Amino acid sequence: ADIEIEKFLCTVEYSYETFHLIMHCYLCSVEEDALVYHEHSAHRWVRKEQFDSVDWLPADIEVLSYL
């Protein structure tokens, strides 16, 4: 997909049981409608009001405060 990076949000470091994650997060916008997901079999768009309906992974929870 073509995206435009609008701004840097944060860097999250989190140690899971089997690996250490360093995740750089950016606020982006999609330049075209066609998104192809290669890494995740389940995905959906959610509004801020729906954040509580998602079972977030621990590293993702920190990013939510920036949104």
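Please go through region 22-34 and give me each residue that is closer than 18 Å to E6 by Cβ and either modelled with pLDDT of 90 or more or open to solvent by less than 60 Å² (accessible area, probe 1.4 Å) (or both), ordered by number.
Result: M23, H24, C25, Y26, L27, C28, S29.
Among the residues of region 31-59, write down those that are touching a residue at least 12 places away in the same chain (Cβ under 8 Å) and closer than 24 Å to E13 by Cα.
K48, F51, P58, A59
Please specify each residue of region 35-66 satisfying the condition of being in a loop (DSSP other than H, G, I, E, B) and surrounded by 10 or more Cβ atoms within 10 Å (Cβ to Cβ).
If we filter region 35-66 for residues that are in a loop (DSSP other than H, G, I, E, B), which is where we start, we get 35-47, 54-57, 65-66.
Scanning region 35-66 gives L35, V46, V54, W56, L57, Y66.
Of all the residues that make up region 1-23, how many are assigned to a strand (DSSP E or B) and out of contact with any Cys (no Cβ under 8 Å at 6 or more places or on another chain)?
So the answer is 8.
Only one of these is in contact with a Phe, Trp or Tyr (Cβ under 6 Å, 6 or more places away or on another chain), open to solvent by 60 Å² or more (accessible area, probe 1.4 Å) and modelled with pLDDT of 95 or more: F19, F8. Name it.
After ruling out the rest, the residue left standing is F8.
The values are calculated or read from the model by the stated rules, or taken from the named source; none is laboratory data. As the structure is a computational prediction, the values presented were derived from the model and not from experiment. Because the Cβ atoms are built from the backbone with ideal geometry, glycine has one as well, and the counts that use them run over all protein chains shown. Note: accessible area is taken over every heavy atom of the protein model, side chains too, but ligands, DNA and RNA are not part of it. Shrake-Rupley method; radii C 1.70, N 1.55, O 1.52, S 1.80 Å.
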